[in-house]
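*Asks:* Quick one: the structure is below, questions incoming.
Just so it is clear, none of the values below were taken in a lab; they were calculated from the coordinates. A quick note: this is a predicted structure, and the numbers were derived from the prediction, not measured. Backbone-built Cβ (ideal geometry, glycine too); neighbour counts: all protein chains shown.
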Amino acid sequence: MKYKVFIDGAEGTTGLQLKTRLKAHGGVDVIEIDPELRKDPAERKKLINSSDVTFLCLPDQAAEEAVSLVENPDTVIIDASTAHRTAKGWAYGFAELGEEFRRAISTGKRIANPGCHATGFIAAVYPLIKSGVVSPDYPFSCFSVTGYSGGGKKMIAQYEDPARPAELESPRQYGLTQRHKHLPEMQAVTGITAPPHFAPIVSDFYSGMAVSVPIISRLMSKPCGVDALYGIFSEFYSGSELITVKKAPEGGFLAANEISKTCKMNLYIMGGDSNMTVTAVFDNLGKGASGAAVQNMNIALGLPETAYLAEGDKLL
């Protein structure tokens, strides 16, 4: 028996990526809506409630409206928007953070897919807080370089326009007011007492991202050097099939797109014994969006966690 899945909002960047992944997934059948009815509440309601899993790839308000259409108590909702990432009663869809996260995903009917920048920050900070080597009131900062596909169809068209302005050839910082939409989940999930100072940067490559968190040893609750920090992260993620902890790469450079088109993450522990950096490298459309959504679906349905995210598939 195959599970029935529906994507509400399949025309956006995340929705299209998700549709491609699900079409290749041997355990599900994708229910498709008539293009002329994709904004019809009655038709969407019918498809949502006839599905085993519905993915919401919608703006926040539309995602909240979609949840109000759910009547089938057995339908699992996986929301890729920001709307429910800190909402009560919703599981946060980052299973690698621990058994409580994985259990909430496997037993709940409401799953919030993490944001892309937030995925990298949380992967870097949560083990530090959980192990007690860094206190929740540490003054965290984060800089994150991402490919332009994270901005959706409009930004993709801007970057791929032959007549684009010259500034698009340079990395561009944004979120300048320190009110980026990922900040609430970055704080809530890690348990830190204040949101980090956050500097997201979009650059001229399609997909991939590098999310970096500086760590200063003298400000840690239990000061340690880079080798000890590497040991903490290696132990924390030792059971993960998708997250690999690594030391600084040879050659002195780290590319943000080194594992694009996958659902994996490389977590680099770098620096010296005084100043260190934890950098998460992954695909903003993979582990940062549609790949994570499929992983969460697999867990919710009792399938192997990495089913159809296997080595050799270019959409890993």
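*Asks:* Per residue of the chain, what 222 nm ellipticity follows from adding -39500 (n - 2.57) for every DSSP H run with n ≥ 4, rounded to the nearest 500?
*Replies:* -8500 deg cm²/dmol
*Asks:* Taking the Cα-to-Cβ direction at GLU43 and at SER135 and moving 7 Å from each Cα, how far apart do the two end points lie in nm?
*Replies:* Rounded to a tenth, the inter-label distance reads 5.8 nm.
*Asks:* Extending each Cα 7 Å along its Cβ direction at ALA87 and GLU169, get the distance between those two points in nm, one decimal.
*Replies:* Label-label distance for ALA87 and GLU169, simple model: 4.5 nm.
*Asks:* Show me the chymotrypsin sites (Phe, Trp or Tyr not before Pro) within the range 143-250 that DSSP assigns to loop and that have at most 14 other Cβ atoms within 10 Å of their Cβ.
*Replies:* Values: sites: PHE143, TYR148, TYR159, TYR174, PHE198, PHE205, TYR206, TYR230, PHE233, PHE236, TYR237; in loops: TYR174, PHE205, TYR206, TYR237.
Passing sites in the range 143-250 are TYR174.
*Asks:* A further question follows. Any aspartates and glutamates with Cα under 13 Å of the LYS261 Cα? List them, leaving off those in the same chain fewer than 8 positions away.
*Replies:* ASP283, GLU311, ASP313
*Asks:* Please give me, ordered by residue number, the GluC sites (Glu not before Pro) of the range 148-183 that lie in loop per DSSP and have at most 16 other Cβ atoms within 10 Å.
*Replies:* Details: sites: GLU160, GLU167, GLU169; in loops: GLU160.
Qualifying residues, ordered by number: GLU160.
*Asks:* Considering only Cα-Cα distances, which of the following residue pairs are longer than 32 Å: LYS46/LYS88; LYS4/LYS287; LYS4/LYS246; LYS2/LYS154; LYS46/LYS153; LYS109/LYS264?
*Replies:* Working: LYS46/LYS88 26 Å; LYS4/LYS287 23 Å; LYS4/LYS246 38 Å; LYS2/LYS154 35 Å; LYS46/LYS153 28 Å; LYS109/LYS264 25 Å.
Going by Cα-Cα distance, LYS4/LYS246; LYS2/LYS154 fall outside the 32 Å limit.
*Asks:* Here's a follow-up. With just the Cα atoms defining each centre, how far is the range 88-129 from the range 149-176? Give it in Å.
*Replies:* Using only Cα atoms to place each centre, the spacing works out to 30 Å.
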